[in-house]
């Protein structure tokens, strides 16, 4: 796959005033560029200095001093991109950082495209595509679990597993192809039976990876959480309490919430994409009815439902409708308004449904800590146990794994139907190619460009 090898530069820190700014240069002329604009106290020439050293001095545009800097030198292939790389650490003002970048470009570099540094790292063999994608996942991590998963992927956890599966596929494909080319010396008689066990094992390994997709999505994107309950049960008050600010309108008038309000909340490291919905009840109000229908639809697709019960009034048909709706879903039941006289308690609710139940007062902000602890326990110690398991968090990887699984399924069909051995190799190689697209070993240039275009400019 061909790519440009000219020298690129970009700002690698956020475009805001900060303690430090970094301008990164990579390419065959990186050292030539820095020689033209750097001035040290001892007039040293940076291109003559050792790799992985830091040098104090000034960035100059002719006779004009732009900033006092530290310059980091990294010679290829022992750099992030695998090329000669220079990083200029300057003072973190937006104007001065941009001025240094303009100077670098003036003296021989060109502006980098989004993700071009990481793209070069991939094309130069410094990382595979799954590791490159982990870089952007690290940047976008919303919680400690997403970060840990992305770091594990960056270290090569996905690459290692995919490599193991591909090597086994390739071994058996090569054996069959060799036997078919040289039947006098190599026999494939009965090989289908042996291959059946191998393919069955590989399909089980791929299935195990696919089974992590939902958990992987939760780790990466957060838990899709929907708050449901009758009107005035305290759903909006709960959302405001969790957010620590008045985002949802709270009144004594039933049916105030008509549409879905969505917010992201971090609770003890757990990321919740939480939605406050219209109170579920039978209504003739057209607008409110639309809101109620939206609430039901969102609840159907949710990872978690928080059912808020107004414990100060008896259960009615609307409550029983909600109970039936969440019976087979992951849910937590909150008995709200415990600051008032209560007529509904845990024992009464347990007659109808068995889910974790917590007594709270959204108004008084009691019981919230217990809710946070229950959430964390549900998703990271029980139903979503985070350990050293590989989690598939990328939709592209999921699609490739599905394709590979289907191809291996066709191999099993061919074995069962006693098809000729060359049929086996066709589908085995399809699986091999699909898995190779995860690591970037079998992928087109257009897709590579699309993936890296989603990166920030200096990465």
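The single residue among 338, 374 that is assigned to a loop (DSSP other than H, G, I, E, B), in the same structural domain as residue 233 (by TED's automatic domain parsing) and at pLDDT 80 or above turns out to be 338.
If the condition is being more than 24 Å from the chain's Cα centre (by Cα) and either buried (at least 20 other Cβ atoms within 10 Å of the Cβ) or in contact (Cβ under 8 Å) with a residue 24 or more places away in the chain (or both), then segment 194-212 contributes 195, 196, 198, 199, 200, 202, 203. In this structure, does residue 11 turn out to be modelled with pLDDT of 95 or more and touching a strand residue (DSSP E or B) at 6+ places or on another chain (Cβ under 9 Å)? Judged against the criteria, residue 11 is not a match.
For residue 19, the criteria (1) touching a residue at least 60 places away in the same chain (Cβ under 8 Å); (2) in contact with a helix residue (DSSP H, G or I) (Cβ under 8 Å, 6 or more places away or on another chain); (3) part of a strand (DSSP E or B) hold in every case but one, which is (2).
Considering segment 314-335, the residues that are modelled with pLDDT of 85 or more, out of contact with any strand residue (DSSP E or B) (no Cβ under 8 Å at 6 or more places or on another chain) and assigned to a loop (DSSP other than H, G, I, E, B) include one that is surrounded by the fewest Cβ atoms within 10 Å (Cβ to Cβ), namely 328. Among the numbered conditions (1) modelled with pLDDT of 80 or more; (2) part of a loop (DSSP other than H, G, I, E, B); (3) in contact with a helix residue (DSSP H, G or I) (Cβ under 9 Å, 6 or more places away or on another chain), the only one that residue 188 does not meet is (1). Taking the conditions (1) within 30 Å of residue 451 (Cβ to Cβ); (2) touching a helix residue (DSSP H, G or I) at 6+ places or on another chain (Cβ under 7 Å); (3) outside any strand (DSSP E or B) in turn, residue 25 satisfies each one other than (3). If you check residue 215 against the conditions, is it crowded, with 16+ Cβ neighbours inside 10 Å, farther than 21 Å from residue 80 by Cβ, at pLDDT below 85 and in contact with a strand residue (DSSP E or B) (Cβ under 7 Å, 6 or more places away or on another chain)? Here the answer is no, as residue 215 does not meet what is asked.
The values are calculated or read from the model by the stated rules, or taken from the named source; none is laboratory data. These numbers were taken from a predicted model, which means no experiment stands behind them. For neighbour counting, all protein chains shown are included, and Cβ atoms are generated from backbone atoms with ideal geometry for every residue, glycine included.
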